[in-house]
Structures are given as structure tokens and as C-alpha cells.
Number of protein chains: 2
Amino acid sequence: MGKLRRSERLAAMVKTLVDQPAGLFSLTQFAEMFGAAKSTISEDLGIVKDSFERFGLGRVETFAGAAGGVKYLPELPMAAARDFVVQLCEQLKAPDRILPGGFLYMTDLIFSPAVAARIGEIFATRFRGLEPGYVLTVETKGIPMAMMTARFLGLPLVALRRGARVTEGTAVSINYLSGSDHRIQSMSLAKRALPRGARVIFIDDFMRAGGTARGTYDLMAEFEAEVVGVGVFMATTEPRKKLVENYTALTVLDQVDEEERKVSVRPAAWLGQA
Amino acid sequence: MGKLRRSERLAAMVKTLVDQPAGLFSLTQFAEMFGAAKSTISEDLGIVKDSFERFGLGRVETFAGAAGGVKYLPELPMAAARDFVVQLCEQLKAPDRILPGGFLYMTDLIFSPAVAARIGEIFATRFRGLEPGYVLTVETKGIPMAMMTARFLGLPLVALRRGARVTEGTAVSINYLSGSDHRIQSMSLAKRALPRGARVIFIDDFMRAGGTARGTYDLMAEFEAEVVGVGVFMATTEPRKKLVENYTALTVLDQVDEEERKVSVRPAAWLGQA
């Protein structure tokens, strides 16, 4: 094994950092991995940091001292987030997505790994500052984007189930009223899935009245957990008053007009203007 | 904006490649992004390729000619795969994972983004050669690992639902007998979710008798799709005869002894010896 050039070392270092978002690596680890001095590794990391900053590829945070090291924190610049959401809205407007009953077919998009990853990056950027400890979602369609959000925040993912399962052990269940059609729904979570006092963000694909999000607050109260943020991929304009006060939507669905075969959907205002 | 050093260019290039596994980038794209000659980019990619090979970080494939470019293909060396699975088995043996009825709690592990990513990398390495076009799973617990498998193969993810949904449009449903307890189950898939003639791999968290996997074959027949591979995180030793002929398990569950509080689980034989 010949001597490693700086460029080879950098390639492997970036790959290692990006493979484990928000993971802490010590300078010693890298020094051993590459057979280089810690001062050299430190210089390398400076280069990575500059490069990521210049190209809007996320943040590289270095920590000094004995517990020192480096972390890669995924972060999508606002302009890139908006461009991505604008382009997704265009795809969502395709008339053949309109289903009987005025529903909109979007499973193919939110289950696309590339799309889920981008959404996860946007939510991670938006919610990191709230210092959550867990990412919560409810089965099924929110799981891919919640998974990627958790991955980019370096957090565990916890999925609420629509009913209690024998393979989960003792669970806490609640019944709640779905805000839009007033049907009784239930969701449950294994007791061991969340420690008391956890800070969680709730991620889901769709919000109409906000009944599911509201139910999540109630279920989290049973765990003495705090919901510090709510993020949904799409929220409807109506009803204007949702059952939760604060939430971040990426897209706003104004209307699905079955007759005219027209979908009115747009990026949320907080993403800014083009 | 000063002149870019090779090391800065490499850092951004690796980040871009790793962010989009199996995505094709043309040399022209990179040349424009970095304001460098294509010959320079080509040299850079040679360095990345060597470095990834040396550290077992995956494959970098370059294509010559007009349609030329470069792809990063995630690939976990067999020894690393085995080490990871051995370590997971140790975690699974914790007696407090034993649930009433002899079930094993493992949701925390398979919903951990880092674990799901590693599992996805192993399945991607194992199944890439079969040239699948889609990754299929069934809700709910298989979704995170199937998602990461799809991400690392650069493929769409398709999730079978336990019942038909109004938000999916016309769906094809089948009923099947669960192999272990002979209960009738059903699963469905939106007609538009899969084109005729697709090649799919099926990924799930758990296999006892293989009824769900068998059902997947039947449902795929309705789509004239071909199941070219089946991967499960855990398969039980009993029943020895599964309802599908070929499958790849990462771990084998011999027994959960409720009385003795003992879990017997081990890495599958194909992962080799330590």
C-alpha cells in the first residue's frame, strides 16, 4: 500500500462523513484510518469545509479539544429547496394524477428515494435548530421522508402504528377524530419505543384538518414527550383552521378540480420567491 | 471566487456522487460545475476510484464516449457486511427483547437510519447484478430497509398495502394464506405503480413460512412482473421448507426461548466465517 496522496485521503474522508450524517468522528479516528498526523487531518477538514460551503453542500462542523472531532450536517440552501419544491409542484399538476373523489396520486413521488432524500434534507435543515431527539411518523406514506429526515439529523425514527401489534409488546394506544371526515381512528406506540421526556418532531406526507398531528400531540403526552416541530409534505388550504397551531408544509394544495382536470398546488410561502 | 484547488474540487465531487447513488453524471456536468477541463475531471475521478477501492467504500464506474460519465455504486465488502451482521445479532440477543408469545422486539433496530442504511447497502451489493428495475416491499416494517436498498440501487420503491386505498386509485388486490398461522391476508397495489414486465426485488424484514413472499409472486404475476430476488432481514429456521424457493436472509433465528430468556440468532451462512 503506497503512500496516500491528500486527494485520495480527502475522497475517502468525504465519503465516510457523508455516509453517516451528523455522526461524530474524532481526528484520531481519521489519523489512524489514513496514517496521517492529526494536524494534517485538521487541514484536510478545513478544505472539505470550504468546499462544501462554496458549493452549498451542507455544513462541516469541527470541535476542538479532547472530545473534539468533526461532523457533517446536511443542509440545503433555501434557493435549492425552493427550486426542488417548484419542480415537484409541476410534476404534481399532471392531470392524470387526479383520482376519483378529488384525490391526488403522489405515492410514486414520495416513495422515490431521491425525492424522499431531498424532502428529508429540507426538513433536517428546518428542524435541526429545535434539537429534537427523535423523528416520529405514522404508517405508511410518511415513512420514507421521515426516514430520510431522521438519517440527515442522525436521529432514530419512530413510527406510530394504526393498531397495536403483537410484535411490539406493551403499547399505548389512543383514539382520535380525523379532522376532515370525523371518523374515529386509532394509533399506538410500543411503550419501549420512546423514553420519557423525549423531544420529537412529527413528519407526515399530508395534512388536511390536522387530526393526525393533533392525535400525535395527545399520544406524546402519554409518553411525557414534547412535540417540538411538525413537518408535512403537503397541506390543504381548506380548512384554514387546522387542529395544530404550528406546522411547516412544503407544498400547499389549493384545489383538485375533477371536472376541469386541474390541480392547483404551490410551494409554501416560507420557501420564498424565485 | 478564487481558483479551485484539486482537493476542494474532489471534496465537492465525492459529495455530489455519494448524494445520488447510481446516478449518472457526465464529465461535462462536472467540468461546468468546477470550471475545469474534462481531462482534469477525468483524472480526478481516477483518484476517487482508487481511493474508494482502497478503503472498500464502493465502486466508481466511468463510461467512455458521448454518453459517457460516471456513477457511484454503493458496495459493501463481504467482511464488512459480516462484521455488521454479527454485531447486530449480538444486539438482538438481549433478553429484554423477548416479548410474550416468543416474539422478538427489533423495531428500534430496523427503524434506525444507520442500520437500515447498512442493510440497504448489503442488499444493493447482493442484488445489483440481477438488474432489477424496482424494489418492492410490503407495509410497514420493511419500508426503511427497502427504501435504503432502493436508494443505493438508484431505483424506485414500491410498497404493497395491506388493503386498497382511495388515494391510490384502481388497485389490484390478492388474498393469500399466511404460511405460519393460516390466516387470510390481503395485499394490494395501485395499477399505475408498476409497468408491465418490470423486474423487481422483494425486500422485507421477516420471513417465517414465506407466505407474504409467496403472495408477492402471485400479485406480481397480475402485473406480468418478474420477481428476480427476495431479501429478508431475518428468516426463522422453522419451518425449514419455505413457500418460496430462493431468498437471501441476513440473519437466521433459531429460537426464542421465553422460559430460559434466550434468543438464538446468527448471521446467515452465505456471509461467510469470521
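Take B:GLY101 and decide whether it is surrounded by fewer than 17 Cβ atoms within 10 Å (Cβ to Cβ), more than 30 Å from A:SER112 (Cβ to Cβ), facing chain A (nearest Cβ under 8 Å) and not aromatic (Phe, Trp, Tyr). So B:GLY101 fits the description; yes. A:LEU177 satisfies every condition listed in (1) hydrophobic (A, V, I, L, M, F, W, C); (2) surrounded by 24 or more Cβ atoms within 10 Å (Cβ to Cβ); (3) more than 18 Å from A:GLU224 (Cα to Cα) except (2).
Taking segment A:58-155 and the strands (runs of 3 or more DSSP E) fully enclosed by it, the elements with 1 or more residues that are within 30 Å of A:GLU258 (Cβ to Cβ) and in the same structural domain as A:PRO195 (by TED's automatic domain parsing) are at A:134-138. Of all the numbered requirements in (1) more than 25 Å from B:ARG240 (Cα to Cα); (2) in contact with a helix residue (DSSP H, G or I) (Cβ under 8 Å, 6 or more places away or on another chain); (3) at pLDDT 95 or above, B:ALA79 misses one, and that requirement is (2). Scanning segment A:164-184 for residues that are under 25 Å from A:ALA235 (Cβ atoms), within 14 Å of another protein chain (Cβ to nearest Cβ) and among the polar types (S, T, N, Q) yields A:SER178, A:SER180.
Please indicate, with yes or no, whether at least one residue in segment B:263-272 is exposed (fewer than 15 other Cβ atoms within 10 Å of the Cβ), within 22 Å of the chain's Cα centre (by Cα), among the hydrophobic types (A, V, I, L, M, F, W, C) and not in a loop (DSSP other than H, G, I, E, B). Looking through segment B:263-272, at least one residue is exposed (fewer than 15 other Cβ atoms within 10 Å of the Cβ), within 22 Å of the chain's Cα centre (by Cα), among the hydrophobic types (A, V, I, L, M, F, W, C) and not in a loop (DSSP other than H, G, I, E, B). Which residue pairs have Cβ atoms under 6 Å apart, sit 6 or more places apart or on different chains, and have a first residue in segment B:234-258 that is closer than 25 Å to B:GLU90 by Cβ and a second that is charged (D, E, K, R)? So the pair list comes out as B:THR236/B:ARG208; B:THR237/B:ASP254; B:THR248/B:ARG126; B:VAL252/B:ARG266. Just one of the listed residues (A:LEU109, A:LEU153) is surrounded by 19 or more Cβ atoms within 10 Å (Cβ to Cβ), more than 7 Å from every other protein chain (Cβ to nearest Cβ) and either over 28 Å from A:GLY23 (Cα atoms) or touching a residue at least 12 places away in the same chain (Cβ under 8 Å) (or both), namely A:LEU153. Among the residues of segment B:85-124, those that are under 22 Å from A:GLY154 (Cβ atoms), in contact with a Lys or Arg (Cβ under 8 Å, 6 or more places away or on another chain) and among the β-branched types (Val, Ile, Thr) comprise B:THR107, B:ILE110.
For the subset of segment B:194-211 comprising residues that are over 19 Å from the mean Cα position of the chain (by Cα) and either not charged (D, E, K, R) or not assigned by TED's automatic domain parsing to the domain that holds B:PHE127 (or both), which member is nearest to B:PHE127 (Cα to Cα)? Here the residue is B:GLY197.
The values are calculated or read from the model by the stated rules, or taken from the named source; none is laboratory data. Because the structure is a prediction, the values reported are computed rather than measured. Glycine gets a Cβ as well: all are built from the backbone with ideal geometry, and neighbour counts include every protein chain shown.
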